[in-house]
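S.K.: The structure's right below; bear with me while I get my questions together.
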Amino acid sequence: MSEQKKIHPNPEDKISKFSSARKLLLVAFIVALIGGGIYWLTHEEETPPSSPAMKTSAEEPAFKKEGTLYFLNQDSQDTITRIAIEVADNEQEREQGLMNRSQMADSAGMLFIFKEAKPRSFWMKNTKIPLDIMYIGTDKEIVMIYKSVMPYSTQSIPSYKEAQYVVEVNGGYTTTHNIKEGDHVSFEIIR
C-alpha cells in the first residue's frame, strides 16, 4: 500500500488570499467613496420653489433690531461689549421670546422689560438654541447668570433675586466676553 500524504495548505497562501480579498474590498470602498463625493460636489440638491401660500406661522420669527444694549464693567463702568436687541415689553412678546428660532447673530439678543422688579423664572420650551440668561435688577445690575441653558427644557430657571429685566444672548456669550454677576447693563430703545 502506498502511503498517502495529507497535503496541508500553506498558511501563507491563506493569508495572501485573505489579504487580496480585503485589498479588493478596500479599493472598491474607496472608489465608491470618491465617486459619491464627486457626485455630491457636482450636483446641487434641487429645492422646490416656495409659494407665498406655503409661508405660514411655521416660519421662524425674524430678528428685529429695536435698540442697543451695553454691558458695563462693575468696577469701572467701562463698556465690555454691546449687542443689538429685540425688545419684549408686553405679555405677548415676553411669552414668545426667542422661541422657534434656529439661530441668532452673535452680536444680538433679546431684552425683556417688566413693569416691576420681582423674582422671575424662565424656561426653554420651544427654544431651539442654547442661551445665556441674565436676570437684572431695577438698578440694571446683573443679579444672576445662567450659561448655555439647554434648548427645549421645561425646567424652571429662577432668578432667586428680584429682577425687572432679563437679557438672553447666545449660549457662551457671557463666558466669551467675561460678563459676570455684578456687572451692569444700559440700553437705548429706538422704536
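S.K.: Would you pick out the residues in region 158-183 that are surrounded by 18 or more Cβ atoms within 10 Å (Cβ to Cβ) and part of a strand (DSSP E or B)?
M.R.: SER159, ALA163, GLN164, TYR165, VAL166, VAL167, GLU168, VAL169, ASN170, ASP183
S.K.: Would you call THR154 over 19 Å from HIS177 (Cβ atoms), hydroxyl-bearing (Ser, Thr, Tyr) and crowded, with 16+ Cβ neighbours inside 10 Å?
M.R.: In short, no.
S.K.: A further question follows. Within region 60-75, which residues are closer than 19 Å to THR175 by Cα and without any contact (Cβ under 8 Å) to a residue 60 or more places away in the chain?
M.R.: Listed by number, the list holds a single entry, ASP75.
Here, each number is a calculation from the coordinates, and none is a lab measurement. Since the model is a prediction, treat every value here as computed from it, not as a measurement. Cβ sites come from the backbone with ideal geometry, for glycine too, and all protein chains shown count toward neighbours.
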